[in-house]
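The values are calculated or read from the model by the stated rules, or taken from the named source; none is laboratory data. Quick caveat, the model's predicted, so the values are computed rather than measured. Because the Cβ atoms are built from the backbone with ideal geometry, glycine has one as well, and the counts that use them run over all protein chains shown. When the accessible area is computed, the model is the full protein with side chains, heavy atoms only, and any ligands, DNA or RNA have been set aside. Shrake-Rupley method; radii C 1.70, N 1.55, O 1.52, S 1.80 Å.
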Amino acid sequence: MSHETIADRYDRRARDLLATVRAVPDDRWSSAAPCAGWTARSVPLHIVETSRMFLGFIGLPLDDVASVDDDPAGAVAAATGEVLRVLRDPDLAGTTFEGLLGTSSFESAVDRFLSFDLVVHRWDLARAAGLGDHEPMDPDDVRSLTEIAHAFPPEGMRGPKAFGPEVPVADDADDQTKLLAFLGRRA
């Protein structure tokens, strides 16, 4: 894969997630997701909420977003589109804020957290909706996310609104299965 900018990587991952959101059958939105207490509909809701939160870190609103209940794809497209717009503006993308892990630029935080979520939650949504053809992750993304996941501070990584306990897997499991297991998911 050629060298991607943070914005390009986010855009690619957002488009992949949006394709999965659009593929969810209407009768599968209430299906249980791999995250405890979540349904398929929880995934687009989480994407919108975290996009709003990160934009808020730098004083930007997230307005004009469709209701996830009425239009999950429209809500995800609007939220990820606004994050991408900010990422494509060098002045806004470089805006810094004080977060839980210290000072961070918007683009760095998006790359480490929001973009990460797009890949993992795409898998969650595909699994919840029975969309097996949407479950495979890009191997480069798997390598990158594995590196990021192992660098998260352990005290903030596991627990409510984070990752569940690591799931044991066979030593010969593929890299995607190992990543998902580290994140508390059974592939």
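Results, tabulated for the structure shown:
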read-out: Amide proton proximity set for G99, modelled H, under 5 Å, gap of 5+; value: S104
read-out: Probe 1.4 Å - accessible area at L179, Å² to nearest ten; value: 0 Å²
read-out: Heavy atoms of I148 accessible to a 1.4 Å probe, total area in Å² rounded to 10; value: 40 Å²
read-out: Relative contact order (percent, whole number), region 36-102, Cα cutoff 8 Å, 6+ residue spacing; value: 30 percent
read-out: Heavy-atom accessible area order for M53, M157, largest first, 1.4 Å probe; value: M53, M157
read-out: Dimensions in Å of region 45-142 - Rg and Dmax from alpha carbons; value: 14.3, 41
read-out: Within a Gaussian network of the chain (alpha carbon springs, distance under 10 Å), most fluctuating of A40, A151, A77; value: A151
read-out: Phi to ³J(HN,Hα) by Karplus 6.51 cos²θ - 1.76 cosθ + 1.60 over region 52-63, Hz, x for Gly, Pro; value: 4, 5, 5, 5, x, 4, 10, x, 10, x, 10, 9
read-out: Convex hull volume per residue in cubic angstrom - Cα atoms of region 1-46; value: 97 Å³
read-out: Cut-off of 10 Å, at most 16 other beta carbons, DSSP loop: longest stretch of the chain lacking such trypsin sites (Lys or Arg not before Pro); value: 1-87
read-out: With DNA, RNA and ligands ignored, accessible area of D175 (1.4 Å probe; Å², nearest 10); value: 90 Å²
read-out: Amide H within-cut-off set for T39, under 5 Å, with H built and near neighbours excluded; value: A33
read-out: Gaussian network model of the chain, springs between alpha carbon atoms under 10 Å - residue of E147, E49, E135 with greatest fluctuation; value: E147
read-out: GNM top mover of F116, F54, F97 - the chain, alpha-carbon springs below 10 Å; value: F97
read-out: Cα-derived Rg over Rh, computed across the chain with Rh taken as Kirkwood radius; value: 0.94
